[in-house]
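Asker: Just dropping this structure here.
The values are calculated or read from the model by the stated rules, or taken from the named source; none is laboratory data. Fair warning: this is a prediction, and the values are worked out from it, not measured in the lab. So basically every Cβ, Gly included, is an ideal-geometry build from the backbone, and we count neighbours across all protein chains shown. Ligands, DNA and RNA are excluded from the accessible area calculation, which covers all protein heavy atoms including side chains. Shrake-Rupley method; radii C 1.70, N 1.55, O 1.52, S 1.80 Å.
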Amino acid sequence: MCLAGNGPILKRMETTRSLTNQLLIAMPGMQDPNFASTVTLICEHNADGALGIIINRPLDLKLGGLFEQLDLGSEDEEIVNAPVLAGGPVGVERGFVLHDSTTDYENSLSISNDIRLTVSRDIIDDIAGGNGPDKCLVALGYAGWSAGQLEDEILANSWINVPATASLVFDIPFSDRWAEAAESLGIDLSRMGPEAGHA
């Protein structure tokens, strides 16, 4: 790592509040179809940008289909029939697993005390074999923002954010997550127009 000229970077990191472990709730006026009515868990956010996983866009693909592509089998019907999520428009050929903290893996990123992100194949093997985490979501693709982009989008009223909870990430039905996440802030999205702004 080059340390020369790092003053401005350090200053920016001090003035930018990390949005890691926040849920981004798309505002009703979101024009990008990739993100309309989505809830995105921010897994990493720093001066270089942000990475998130959309947690309310199930695909037609089930875990059983993913297992078949990886030459895996599973006897657990509930696991086989669990949906795979569209995690975002970037890297859609890559798999990401959001899971609880009951199990740690070598390539796990700790998002909070209760939520991890793992990208290694061993967690998929464990899930198929019935030895995976108690709660998990498997997603293809992710959402990514360059340095300062996410902050600019929030200032432009594209998103509101709320602290993530394991319940919102793992337990609430997919179809209810957008409204439920906003309601945790006391906001009724059905009563908001597309041009809503900051007070």
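Asker: Against the condition in contact (Cβ under 8 Å) with a residue 24 or more places away in the chain, touching a His at 6+ places or on another chain (Cβ under 8 Å), closer than 22 Å to Lys62 by Cα and part of a helix (DSSP H, G or I), how does Ile127 come out, does it pass?
Answerer: Numbers: in contact (Cβ under 8 Å) with a residue 24 or more places away in the chain: yes; touching a His at 6+ places or on another chain (Cβ under 8 Å): no; closer than 22 Å to Lys62 by Cα: yes; part of a helix (DSSP H, G or I): yes.
Considered against the rule, which asks whether it is in contact (Cβ under 8 Å) with a residue 24 or more places away in the chain, touching a His at 6+ places or on another chain (Cβ under 8 Å), closer than 22 Å to Lys62 by Cα and part of a helix (DSSP H, G or I), Ile127 comes out as no.
Asker: Please verify whether segment 114-122 includes one or more residues that are in contact with a helix residue (DSSP H, G or I) (Cβ under 8 Å, 6 or more places away or on another chain) and open to solvent by 20 Å² or more (accessible area, probe 1.4 Å). Break it down stepwise before answering.
Answerer: Filtering segment 114-122 down to residues in contact with a helix residue (DSSP H, G or I) (Cβ under 8 Å, 6 or more places away or on another chain) leaves 114-115.
If we keep only those that are open to solvent by 20 Å² or more (accessible area, probe 1.4 Å) as well, we get 114.
So far as segment 114-122 goes, yes, one or more of its residues are in contact with a helix residue (DSSP H, G or I) (Cβ under 8 Å, 6 or more places away or on another chain) and open to solvent by 20 Å² or more (accessible area, probe 1.4 Å).
Asker: Need pairs with beta-carbon distance below 7 Å; first residue without any contact (Cβ under 8 Å) to a residue 40 or more places away in the chain and within segment 52-75, second open to solvent by 60 Å² or more (accessible area, probe 1.4 Å) and of a type outside the set (Asp, Glu); sequence gap 6+ or separate chains.
Answerer: That search, which allows pairs on different chains as well, returns Lys62/Asn81; Gly64/Asn81.
Asker: Say whether the condition of being surrounded by fewer than 18 Cβ atoms within 10 Å (Cβ to Cβ) and without any contact (Cβ under 8 Å) to a residue 12 or more places away in the chain is met by at least one residue in segment 78-90.
Answerer: Checked against the condition, which is being surrounded by fewer than 18 Cβ atoms within 10 Å (Cβ to Cβ) and without any contact (Cβ under 8 Å) to a residue 12 or more places away in the chain, segment 78-90 yields at least one hit.
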